Amino acid sequence: MTTKEVIMQGKAILGIEFGSTRIKAVLIDQDNKPIAQGSHEWENQLVDGLWTYSTEAIWYGLQDCYADLRKDVLRQYDCEIESLAAIGFSAMMHGYMAFNADQQILVPFRTWRNTNTGKAAAELSELFHYNIPLRWSISHLYQCILDNEEHVKDIKYLTTLAGYVHWQVTGQFVLGVGDASGMIPVDPNTKTYDAVMVAKFDKLVAPKGFPWKLSDILPKSLSAGENAGFLTPEGAKKLDVSGHLKAGIPVCPPEGDAGTGMVATNAVKQRTGNVSAGTSSFSMIVLEKELSKPYEPIDIVTTPDGSLVAMVHCNNCTSEINAWVGLFKEYQQLLGVPVDMNQLYTTLFNAALKGDADCGGLMAYNYVSGEPVTGLSEGRPLFVRSANDKFSLANFMRAQLYGAIAVLKFGNDILLKEEQVKVDRITGHGGYFKTAGVGQRMLAAALNSPISVMETAGEGGAWGIALLAGYLVNNPENKSLADYLEDVVFAGNTGSEIAPTAEDVEGFNRYIEAYKRGLAIEHAAVANKA
């Protein structure tokens, strides 16, 4: 069957992921290979001190992304998408989307990027004896309660961005278990919200007299492969404004970007892990057993099929690199030199390989927004050097690349050194790894561990959610998700591996020690509103 026939016969599968700066659609064939793509660039807004995207931006972005995919299909295959074998929606995890009984949003969507929930997160962590991060939905909800926000009494539905989109196009108020585990902790045995913690929360807020209990307002938690509904006629119109797409298409449980990253890197089996590095970065290590105690820099979430995962999440990663590359682009334009952005990124990333292992003393802090792991409620991007440091382009770019993953090292040192967590394979994906061998080598030095990158590293979460949609409809042998990925999707391919060199590891360690000392500069900048 040709690719065109796959599309025309409705056998292709669609995955759409809402990232922080881009909404991406990936269409795959029956062999799980990408055959078309679409995208839409967007950006969060700081409104009344909180990071948000409007619901209008969500729907316009989805529709524009899908329209871009349609154009790609028309250009490549000269046909329309009229039906699909399955669809999956994914998005950045956590945050706060609260709706009333009429499904009207009560306050603007509060994204994972907000750090106003410190008091709530601290109190809930103590109550649950479990690390509850600032960005989790339960932290946002409790902070609203602590702040006596008027809308809380009217909540009928509380969900994430992926859950919201899925709900509106299928009518099903559900969530994949991986995304659910970033709202409130999930019990790996029941694969739904931890009943003890739910009861503790209800008791905590009972004096407020709200007309709801927590379990009333949370989406139903589903594991990968479970029925999560079908595209409704209204949903089809919301997705494809041209009217070509038909209703009735199965839709897999909506997942968070952490879960789709695990799937896209074949890292849902115990003793495997992945690092997703884009606008934010996070590492996911699938655990064999629970950690000995809670750690503030480490979140415990689950795979899309409910296994425990230690997650180290950093609010910032490549945004500051992108800003500097934009500066170099402006310089080229001033010289009248044509700019090829892929070539520019590749050239600058490769220059970093020629830098000193410790960046010659240069340091980069990529804090566009607050960074909870290092105790910063606000961001101040900083580049720091002393007069005697080796100031070169190679060291500058290496410092930027090190800075993008520095905070990631903090939490992973706890896992790998203190908790002695065993990992057989760590796979990298996301924009940080698009230039072959560069980001991979930097991360290997940071974690002192071999890092694999697959050819599909650039496909990211949109491909991951497409694979989960495929798992829903193309799994006749009823394999577990880990076996399906290992046997069917990746067929034993683990990608190309780079092991750390002693020189790089030693250099990164010197960099990180200086980085830790220099954090005082960052804290002073925030404290003094500089």
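The values are calculated or read from the model by the stated rules, or taken from the named source; none is laboratory data. All values reported here derive from a predicted model rather than from experimental measurement. Positions of Cβ are backbone-derived with ideal geometry, glycine not excepted, and every protein chain shown enters the neighbour counts. Protein only, heavy atoms only, side chains kept; ligands, DNA and RNA dropped before computing areas. Shrake-Rupley method; radii C 1.70, N 1.55, O 1.52, S 1.80 Å.
Considering the alpha-carbon set of region 119-243 alone, what are its Rg and its Dmax in angstrom?
For region 119-243, the Cα-based Rg and Dmax read 15.8, 51 Å.
Given the protein chains as shown and a 1.4 Å probe, how many square angstrom of residue 523 are accessible, to the nearest 10?
Roll a 1.4 Å probe over it and residue 523 shows about 70 Å².
Give me the one-decimal Kirkwood hydrodynamic radius in Å for region 168-218, with the sum taken over alpha-carbon pairs.
About 12.2 Å, per the Kirkwood formula over Cα pairs.
Rg and Dmax of region 289-345, Cα atoms, in Å?
20.3, 59
In nm, what is the difference between 0.36 nm times the number of residues separating residue 271 and residue 289 and their Cα-Cα distance?
On the way: separation 18, 0.36 × 18 = 6.48 nm, distance 1.03 nm.
This chain segment gains 5.4 nm when fully extended.
Exceeding 22 Å between C-alpha atoms, which entries from my cross-link table qualify? They are 24/434; 289/417; 191/269; 24/354.
Values: 24/434 16 Å; 289/417 16 Å; 191/269 16 Å; 24/354 33 Å.
24/354, as the Cα separations exceed 22 Å there.
With every protein chain present, what is the per residue accessible area of region 310-468 (1.4 Å probe, Å²)? Don't skip to the end; give the middle numbers.
Details: 6030 Å² over 159 residues.
Dividing the accessible area of region 310-468 by its residue count gives 38 Å².
If you take the beta carbon distance between residue 393 and residue 523 as r and set R0 to 35 Å, what does 1/(1 + (r/R0)^6) give as a FRET efficiency, to the nearest 0.05?
My answer for the efficiency is 0.75.
Quick check for you: with a 1.4 Å probe and neighbouring chains kept, what is the accessible area per residue of region 1-82, in Å²? Please report the intermediate quantities before stating the final value.
On the way: 3790 Å² over 82 residues.
Dividing the accessible area of region 1-82 by its residue count gives 46 Å².
How much FRET efficiency would the formula 1/(1 + (r/R0)^6) give for residue 420 and residue 105, where r is the Cβ-Cβ distance and R0 is 35 Å, rounded to 0.05?
Numbers: r = 45 Å, r/R0 = 1.28.
With a Förster radius of 35 Å, E is 0.20.
Report, in whole Å, the centroid distance computed from the Cα atoms of region 285-319 and region 410-444.
13
When all C-alpha to C-alpha distances in the chain are sorted into bins of 10 Å, what percent of pairs does each bin hold, rounded to whole numbers?
Calculated over all Cα pairs of the chain, the distribution is 4, 19, 30, 27, 15, 4, 0 percent.
Could you derive backbone 3J(HN,Hα) for region 13-24 from the dihedral phi with the Karplus parameters 6.51, -1.76 and 1.60 (θ = phi - 60°), listing whole Hz in sequence and x where the residue is Gly or Pro?
10, 10, x, 10, 10, 8, x, 5, 10, 8, 9, 10
Give the carbon-plus-sulfur fraction of the accessible surface of the chain in %, rounded to a whole number; probe 1.4 Å, heavy atoms of protein chains only. Show your work: numbers first, answer last.
Details: 10320 of 20890 Å².
Carbon and sulfur: 49 percent of the exposed surface of the chain.
Taking the simple approach of a point 7 Å from Cα along Cα-to-Cβ for both residue 436 and residue 216, what is their distance in nm?
5.9
Per-residue accessible area for residue 292 at 1.4 Å probe radius, Å² rounded to 10?
Its accessible surface works out to 90 Å², give or take rounding.
Based on the inverse mean of 1/r over its pairs of different Cα atoms, what is the Kirkwood hydrodynamic radius of region 369-408, in Å?
Details: mean 1/r = 0.0860 Å⁻¹.
The answer is 11.6 Å.
Each residue of region 139-147 in turn: what ³J(HN,Hα) in whole Hz from Karplus with 6.51, -1.76, 1.60 and θ = phi - 60°, glycine and Pro shown as x?
So the Karplus estimates, Gly and Pro as x, are 5, 4, 4, 5, 5, 4, 5, 4, 8 Hz.
With a 1.4 Å probe and all protein chains left in place, how much accessible area per residue does region 142-234 have, in Å²? All intermediate terms of the calculation are to be shown ahead of the outcome.
Working: 3780 Å² over 93 residues.
Per-residue accessible area for region 142-234 comes out at 41 Å².
Using a 1.4 angstrom probe with every protein chain in place, what is the largest-first accessible-area order of 70, 517?
517, 70
How are the Cα pair distances of region 61-144 distributed, in percent, across 10 Å bins from 0?
Bin by bin from 0 Å, the calculated values are 15, 30, 22, 19, 12, 3.
Kirkwood hydrodynamic radius, computed over distinct alpha-carbon pairs, for region 471-530: how many Å, to one decimal? Working shown, then result.
Values: mean 1/r = 0.0610 Å⁻¹.
Hydrodynamic radius (Kirkwood, Cα pairs) of region 471-530 is 16.4 Å.
Sorted from largest to smallest, which semi-axis lengths in Å does the alpha carbon gyration tensor of region 344-485 give for its equivalent ellipsoid, taking the root of 5 times each eigenvalue?
Working: eigenvalues 223, 66, 48 Å².
Semi-axes from the Cα gyration tensor: 33, 18, 15 Å.
Keeping every protein chain in place, order 196, 337 by accessible area at 1.4 Å, biggest value first, i.e. largest first. Walk me through the numbers on the way to the answer.
Working: 196 95, 337 65 Å².
Greatest to least solvent exposure: 196, 337.
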